[in-house]
Amino acid sequence: MAAYKVDFESIPWESPARGVRVKIHKGDGKQLRLVEFTREFIEPDWCRKGHFGYILEGQLEIDFDGMRVLFAQGDGVFIPPGEAHRHKAKVVTDVVRLILVEDI
């Protein structure tokens, strides 16, 4: 049964950019990411990747090329990939935590 459980406590934090840290579990062509953003996070360019996830804590505003959507604790996130859905995230609260499921 342990093969079915992701023990995030045993996975070390990685910090790919200022104001963001992640714990990643990979398997079967997918990755499960626990992501934590702080107000220091500034997205330098438009993201065109798809994201499927759930906001655990905090608030995140996502700009979809001029249309801003606020995501808060308890909200699901469904952003298809591609230029038509390009986006930039901005942290509204001190910390935002979310879970993302992605293809790798």
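Here are some notes:
- Test: residue in the stretch 50-61 that is aromatic (Phe, Trp, Tyr) and touching a Leu at 6+ places or on another chain (Cβ under 6 Å): no
- Matching residues, the stretch 13-39, being touching a strand residue (DSSP E or B) at 6+ places or on another chain (Cβ under 8 Å), loosely packed, with under 13 Cβ neighbours inside 10 Å and either on the phi > 0 side of the Ramachandran plot or acidic (Asp, Glu) (or both): 14, 29
- Cβ-Cβ distances below 6 Å connect the following pairs, each with a first residue in the stretch 13-35 that is of a type in the set (Gly, Ala, Ser), a second residue that is surrounded by fewer than 17 Cβ atoms within 10 Å (Cβ to Cβ) and not in a strand (DSSP E or B), and a separation of six or more residues or different chains: 19/40.
- Against the numbered list (1) at pLDDT 95 or above; (2) more than 14 Å from the chain's Cα centre (by Cα); (3) not charged (D, E, K, R); (4) not in a strand (DSSP E or B), residue 69 comes up short only at (4).
- Residue in the stretch 78-104 that is surrounded by the fewest Cβ atoms within 10 Å (Cβ to Cβ), counting only those that are over 11 Å from residue 51 (Cβ atoms) and in contact (Cβ under 8 Å) with a residue 60 or more places away in the chain: 104
- The listed residue being without any contact (Cβ under 8 Å) to a residue 24 or more places away in the chain and under 28 Å from residue 3 (Cα atoms), out of 50, 74: 74
- Some residue of the stretch 93-102 being out of contact with any Phe, Trp or Tyr (no Cβ under 6 Å at 6 or more places or on another chain) and modelled with pLDDT under 95: yes
- Looking only at the stretch 42-60, and only at residues there that are of a type in the set (Gly, Ala, Ser) and in a loop (DSSP other than H, G, I, E, B), the one that is nearest to residue 98 (Cα to Cα): 58
- Selection count, the stretch 68-77, where residues are surrounded by 11 or more Cβ atoms within 10 Å (Cβ to Cβ) and under 15 Å from residue 35 (Cβ atoms): 4
The values are calculated or read from the model by the stated rules, or taken from the named source; none is laboratory data. On a predicted model such as this, the values are computed, not experimentally measured, just so you know. We place every Cβ from the backbone using ideal geometry, glycine too, and count neighbours over all the protein chains shown.
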